[in-house]
Amino acid sequence: MSLLNTSSVNTIRVTTMLKDGEARIVSGGIRMGRNGNVVDNFNSGGLGVIYDRKTGTVISDGFDRARNVYETVPESGIRLKGFQIPQWDEIVAMIKEAAKVVPQVGYVGWDVCLSRDHGPLLIEGNSFPGQDNAQEPSLNAGTYTLTEVSPPTAGYATMDPEVLLFDEPLSNLDAKLRNQMRAEIIKLREKIQT
């Protein structure tokens, strides 16, 4: 993970939901610092990417809060799409065990880092995880499924979602975009009901 940016601890957000006592990964992303910054925070100039929750392989280009899109990490030149999160199976096993510790909190965003000496390390579990870890910069998310609109940035995207979350999805959109989103939500509702 340090190959992505050497000045920060680049973290992996794994969001889980408990269902029937089993933790299921519902979304996630990688956050990485930029330009010598020691934090990976998306809101402090870092980049984010979305990964396939089954394989741990990055499936999006990078993006920043300003919605700039990056095929490679600007500082290192590493191609983002196709990047494999190291030790993915170990990360998943650790997160699934952690989710069982406090089953009363069924929806958690787990932050994980990788240590050369100790492998995956759990940094924290967020009971109300922010949505900026994997915000797709475009509302037309292509092969992604738009699963949440989290103002002020556009979409929270994940492949093949198990759950759809909407938290005031239209409140901060302009009139034109609000009408487009209403139409998309109606289509989605009709698709789910059939």
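Before moving on, here are some points about what is shown:
- Sequentially through the range 54-67, phi angles give Karplus couplings (6.51, -1.76, 1.60; θ = phi - 60°) of 8, 10, x, 9, 5, 10, 10, 6, x, 8, 10, 4, 7, 6 Hz, Gly and Pro residues having no value and appearing as x.
- Couplings 3J(HN,Hα) of the range 177-191, computed from phi: 5, 4, 5, 5, 5, 4, 4, 5, 5, 5, 4, 5, 4, 5, 5 Hz, in residue order, whole Hz [Karplus 6.51 cos²θ - 1.76 cosθ + 1.60, θ = phi - 60°; x for Gly and Pro].
- Annotation: lysines with alpha-carbon distance below 29 angstrom to Lys96 (same-chain offsets under eight excluded): Lys19, Lys54, Lys81.
- Surface share of carbon and sulfur [accessible, 1.4 angstrom probe, percent] for the range 30-116: 50 percent
- The range 1-98: relative contact order in percent, alpha carbon pairs under 8 Å with at least 6 residues between: 21 percent
- To the nearest 10, the accessible area of Ser127 is 80 Å² with a 1.4 Å probe.
- Each of Asp52, Asp20, Asp64, Asp174 has its accessible area taken with a 1.4 Å probe; listed largest first, they run Asp20, Asp174, Asp52, Asp64.
- Once the C-beta distance of Gln84 and Ser7 is scaled by a Förster radius of 25 Å, the resulting FRET efficiency is 0.70 to the nearest 0.05.
- Loop trypsin sites (Lys or Arg not before Pro), the range 1-109 (other Cβ atoms within 10 Å of the site Cβ: 15 or fewer; DSSP): Lys54, Arg67, Lys81
- Across the options Ala93, Val73, Val105, the greatest Cα extent toward the positive end of the charge dipole of the range 63-105 (unit charges at beta carbon of Lys, Arg, Asp, Glu) belongs to Val105.
- Close amide H contacts of Asn126 (hydrogens built in the peptide plane, cut-off under 5 Å, sequence separation of 5 or more or a different chain): Gly109, Trp110, Asp111.
- Heavy atoms of the protein chains alone define the surface here; on that basis the range 1-74 has 41 Å² accessible area per residue at 1.4 Å probe size.
The values are calculated or read from the model by the stated rules, or taken from the named source; none is laboratory data. These numbers come from a predicted model, not from an experiment. Neighbour counts are summed over all protein chains in view; Cβ atoms, including those assigned to glycine, are modelled from backbone coordinates with ideal geometry. Heads up: the accessible areas ignore ligands, DNA and RNA and are worked out on the full protein's heavy atoms, side chains in. Shrake-Rupley method; radii C 1.70, N 1.55, O 1.52, S 1.80 Å.
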